[in-house]
Every structure is written in C-alpha cells, then in structure tokens.
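Novice: Sharing a structure, written as structure tokens. Questions coming.
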Amino acid sequence: MKVERTRNATRNAIFGVIYKIYVMLVPFVMRTLMIYIMGVNYLGLNSLFTSVLQMLNLAESGVGSAMVFSMYKPIAEGDGKKICALMRLYKIYYRVIGTIVLIGGIIITPFLKYLIKSDLPADINLYILFYLNLASTISTYWLFSYKNCLLFAHQRSDVSTKISIITETCKYILQIFSIVCLKNYYAYTVVIILMQIITNIVTAKVSDQMYPAYKAQGNMPKEEVREINIKIKDLFLTKIGTAIFNSADTLVISSFLGLTVLAVYQNYYFIVISITGVINIIYTSCTAGIGNSLILETEEKNYRDLNKFTLLIVWIAGFCTICLLCLFQPFMKLWVGEKLMLNFSAIIFFCIFFYVNQVHAILDLYKDAAGMWHEDRFRPFTVAMINLILNIILVNVIGVYGVLLASCIAKVFVGIPWVIRNLFKVVFHRNCLDYVKNIFKYAVQVAFVSMVIYYCCTKIPAVGIVEIVMRLLICVVGGNLLFIILWKRDSLFKDVIMIIQNLLPEKLKKILYPLLKWI
C-alpha cells in the first residue's frame, strides 16, 4: 500500500499545531476557573492524580511505539494478514496492560494518604476520587484503543487529532458546567471518564470505516513476537525513566509541602510546559529528516548539522528564557494574584530548568533519530532516580526551590554528559570536547543577555497589561538584537539564518528582506 507521506506529514503537522495551541489555551481557562471558583487545593489535587496515574501508565511504556513501528513494513507491502495479526497482538497487550494498571491502582490505594501532607478539601473522599481517575485510565486500554495504531501507522494521526478536538471541546464544556454551575469536583471527574470512553468508541468506528479489511485476528510468528518484545523492553527502560522524572516533582511537593504549594508550583510549571510543547513541534517535524540524513550523509555533515541545529534551538530557547525571566511575575500577578505567587528566586530556577530541558531535548532528538534506544536505555532511569533522591533531600532544605534545583543537577551533571558521550561514540565517532565548549559558551551568552534585558525591564514604571506589553517589546527587540550581535560573525549563525529564510513564506521574506540582508 502506498502512503502519501508528504501530504500526510503536512496534514498531520497542521492539525498537530492547531491541537497543541488548543490544548494550551483551554486548560489555561479551566485552571483559572478552578482557582477562583473551586479553590487552589482542588487544582493541586488534580495535578497529583495526573502524576500518580502517569506512574501507573508505565505498564504501557514502549508498547504503542513498538507496535506502530512494526506495522510500517506490512502496510508498505500490503500484507493485510500480518497487519490483522499485529492488531490482535496489540489488543492482547493492551488488555493485559489495563489489568496491570488496575492491580497497581489497588495496590497503592493504602498509600494514597501519605502523598498529601495537607489541604485535602473537606468534601472530598480521596479514595473515591482516585478510583474515578483510575477508571478513566483503564478505559483507555480496555475499549478499542488498539485500533488507534492503524491511524498512526498509516500517517493519519490528523484523523485522531480531529476526533480529539471535538471530544475535548465537549469535555471542556461539561467540565466548565461542573465547576461554574454545580461546583462539584466529582462531576468534573466523571466527565473525564465518559468522554474518554466516547473518544475510544468514535476513534474505533472511524478506524473501521477507513480500514474495513483489518480485523484483530490471526497469530504472529514467535520469532517476530520476540523481536517486538525486545523493542518494547528497550523503549520501556527509556520511558520508565522519563515518567518517573516527570512525576517525581509533583509527588514530592504534595507529600512534603501540601496541595496548595503544589497548585502554585503547577501554575508556573503549566506555562513552562506549554512553551516547551510549542518548541517540541520543531523537534517532531525534524526527527524523520535528521534520521534520513544520519543514514545518507557523511559524519562531517551530520556533525555540522548538529551544531547548526543546536544554535537554532539555543536562540529559540534563549529568547523564551528571557521572556520567562521578565514576564513571569507580572503575568502571574495579573492572572492569580500575589497570594498565589512564588518568590523571584523560583523564577530564576524555572528559567534554568527550562533552558536545560531544551538543550537536553536537542540531544534526545538526535538519539531518537539515530534509533539509539538500546545504547541509551539505562540513562533515563538513572537520571530519574538521581532526581528523585535529590528531590527528597533538597525539598527538606530549601522547599520548592529544591525540586527545581534537583532536576537541573540531574540533567546537567548526569543526563546531558551521558547522552553526549553516547552520541559521539555511536553516531559521530569523534571527541565531544568542542561541542561541550559550544554548549557552555551559549549558556553563558544566554545568561548575560537575560540579565541585561531583565535590568532594562525593571526600569519600566508601568504596571498591569501595559507593563507586560512593554516588557515583551523589550524582550523581542532587545533580546534578539543582542543575540544577533553576539553571533553575527559565527559561520554557523549564517547557516541558521538560511534555515530560517527557507522556512519563511515569500511575502514575509520580502517584508523582512532589509533585516535579513543586514543579518
């Protein structure tokens, strides 16, 4: 079967961006309503259950990716019998995973009370609420979720995205009704279960209509099942580390500092992770192209591409870091008020956390593009465990700041050096010292520009929205101007400008021509 790769990739990217923006803006509204109508501790409770269920979902780690990957070849060859056998195997795996998640949820039930230090709302039964959230997760695995693999393997994730946009809209409307009219958190949670079930059923029906020839039947050869299981094992070790790393902060804050502190922290984290999600679109769109280049091009060209791409992401991440440093507090003051704000010291930690994550993401991108999961399988778990240990130690010493500091230490001193070593040993076959020097140099430059721009922003006498707009203008003009001055003579910077020019529409190129020519 011929798959229209270019058309599908473009379609997926368009709907992917639309969906990403949508799931950033609407949850922001939901958080605002919950803070002002239900109370900040409900928001903290919501974040806690999300993290607990993310840990339980470790059972799935790697299964979906490995199964979709295994379908590429039979789809290309038109081997319908094998596709059906893979679907049956996928169905069995997901039923087993759902059962494991259920058993895991039952096992951890007695320990739930230890995950909340204080601030549990008086009208909430922790265990009933937990099982409602658990039911939502289990329904994902038990109700036709395996049929999603057909859409993703055929590069039709845009169909799944359209369905999600419709069902998510219905969910948000019902949840707003639960918060504003009913003021009932149980109703808010039940809506999640119902819409998850509806999403699975609708997706399954659409998948059946698009690919009626594929049914979950037949058996896979034992040797091929063994190969699939090896892929799942390698991906599992990677994703278990990622899940523990992402959940550790929330669980530690809730256990040691309480739901209110967790909710305040999550408000800041929500902004950071939303910006990260937009940048991730760049990573996702580049993975296949980088993977192709790693196979076809010379090591020298790929190494130069790594340096170019690093500078491009450093520029984007550096600009976002400046904006976070200068705009975070004025925006939070306008959004939630001074009572639900952290000290400026936390903003510095969040900026470092964000920037470090982006540098780490560049290296992860190349690791994934090179298919280097086996060589890198132990790193994510090791980094996650170091982060967890440091979290527990530092949160007792410096509170919420210790959680952010622990994440930065784990990635800067363990995660980033480790993945660099693996990449340069397996992919580039050269000494990594020059690249490390560049990363360090860029970090110093971003810190310098951030301090200069922040100093300029502190001189603005205005407050409220006017202050935010004026600070944003200084960040956009001043920050990027300083970066251009610092990097203008760098040959890599010229390559980055060429990349940007190639991405711009023709009309925009004409408007920006004088600026691009000066650069």
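Novice: Would you mind getting me the FRET efficiency between Lys437 and Ile92? Use the beta-carbon distance for r and R0 = 56 Å, nearest 0.05.
Specialist: Efficiency computed from Cβ-Cβ geometry: 0.65.
Novice: Which of rounded, prolate or oblate describes region 346-448 when judged by the alpha-carbon gyration tensor and an a/c cut-off of 1.5?
Specialist: Working: a/c = 2.58, a/b = 1.44, b/c = 1.79.
Verdict is oblate for region 346-448.
Novice: How big is region 130-187 on each of its three principal axes, counting only the C-alpha atoms and giving the largest first in Å?
Specialist: Projected onto its principal axes, the Cα set of region 130-187 covers 43, 24, 11 Å.
Novice: If each Cα of region 417-460 is one equal point scatterer, what is log10 of I(q)/I(0) from the Debye formula at q = 0.33, 0.34 Å⁻¹?
Specialist: -1.04, -1.06
Novice: Same structure, new question: Taking only Cα atoms of region 64-215, what ratio of Rg to Rh do you get with Rh as the Kirkwood inverse-distance radius?
Specialist: That ratio equals 1.06.
Novice: Next question, about the same structure. On a 1.4 Å probe surface of the protein chains, which of Arg421, Arg377 comes out largest in accessible area, and what is the full order?
Specialist: Arg421, Arg377
Novice: If you don't mind, there's one more thing I want to ask. With every protein chain left in place and a probe of 1.4 Å, what is the accessible surface of Glu300, to the nearest 10 Å²?
Specialist: The accessible area of Glu300 comes to roughly 110 Å².
Novice: Please name whichever of Ile253, Gly218, Ile232 sits farthest to the positive end of the charge dipole of region 209-256, dipole taken about the Cα centre and charges placed at Cβ: Lys and Arg +1, Asp and Glu -1.
Specialist: Gly218
Novice: Given the rule -39500 (n - 2.57) for each run of at least 4 DSSP H residues, summed and divided by the residues of the chain, what is its mean residue ellipticity at 222 nm, to the nearest 500 deg cm²/dmol?
Specialist: Only helices count here, giving -27000 deg cm²/dmol.
Novice: What distance in nm separates the simple spin-label points at Tyr114 and Thr99, each placed 7 Å from Cα in the Cβ direction?
Specialist: It is 2.8 nm.
Novice: How large is the dipole of the chain about the Cα centre if only Lys and Arg carry +1 and Asp and Glu carry -1, each at its Cβ, rounded to the nearest 20 debye? Working shown, then result.
Specialist: Values: 49 positive and 28 negative charges, 143 e Å.
That gives the chain a dipole magnitude of about 680 debye.
Novice: Quote the Stokes-Einstein diffusion coefficient, in whole µm² s⁻¹, for the chain, based on the Kirkwood radius over alpha carbon pairs, a temperature of 37 °C and a viscosity of 0.692 mPa s. Spell out each step's value before the answer.
Specialist: On the way: Rh = 25.0 Å.
Translational D for this selection: 132 µm²/s.
Novice: Please give the contour-minus-distance gain from Ile392 to Gln209: 0.36 nm per residue of separation, less the Cα-Cα distance, rounded to one decimal in nm.
Specialist: In short, 60.8 nm is gained.
Novice: How large is the accessible surface of Thr203 in square angstrom, using a 1.4 angstrom probe and rounding to the nearest 10?
Specialist: In the full protein context, Thr203 sits at about 10 Å².
Novice: I need the Kirkwood Rh of region 154-250: take the reciprocal of the average 1/r across all distinct C-alpha pairs and report it in angstrom.
Specialist: Roughly 17.2 Å, rounded to one decimal.
Novice: Now a separate question. How do Arg31, Arg430 stack up against each other in accessible area, from largest to smallest, with a 1.4 angstrom probe? Walk me through the intermediate numbers first.
Specialist: Numbers: Arg31 30, Arg430 85 Å².
Sorted descending by solvent-accessible area, the residues read Arg430, Arg31.
Novice: Apply the Debye scattering formula to region 291-379, with a single equal point scatterer on each alpha-carbon and no solvent, then give log10 I(q)/I(0) at q = 0.13, 0.17 Å⁻¹.
Specialist: The Cα Debye sum returns log10 ratios of -0.60, -0.80.
Novice: Would you check the accessible area of His429, probe 1.4 Å, heavy atoms only, in square angstrom rounded to 10?
Specialist: Roll a 1.4 Å probe over it and His429 shows about 110 Å².
Novice: Packing-wise, with mean Cβ within 10 Å as the measure, how do 402-408, 76-82 rank, highest first?
Specialist: My ranking of the peptides, most packed first, is 402-408, 76-82.
Novice: Here's something else I'd like to know. Order Arg471, Arg156, Arg489, Arg95, most accessible first, counting only protein heavy atoms with a 1.4 angstrom probe. It would help to have the intermediate numbers written out before the result.
Specialist: Details: Arg471 25, Arg156 45, Arg489 230, Arg95 90 Å².
Result, largest first: Arg489, Arg95, Arg156, Arg471.
The values are calculated or read from the model by the stated rules, or taken from the named source; none is laboratory data. Everything numeric in this text was worked out from a predicted model, so none of it was measured. Heads up, the Cβs are rebuilt from the backbone with ideal geometry, glycines too, and the neighbour counts pull from every protein chain shown. Quick note on the areas: whole protein, heavy atoms, side chains included, nothing else; ligands and nucleic acids left out. Shrake-Rupley method; radii C 1.70, N 1.55, O 1.52, S 1.80 Å.
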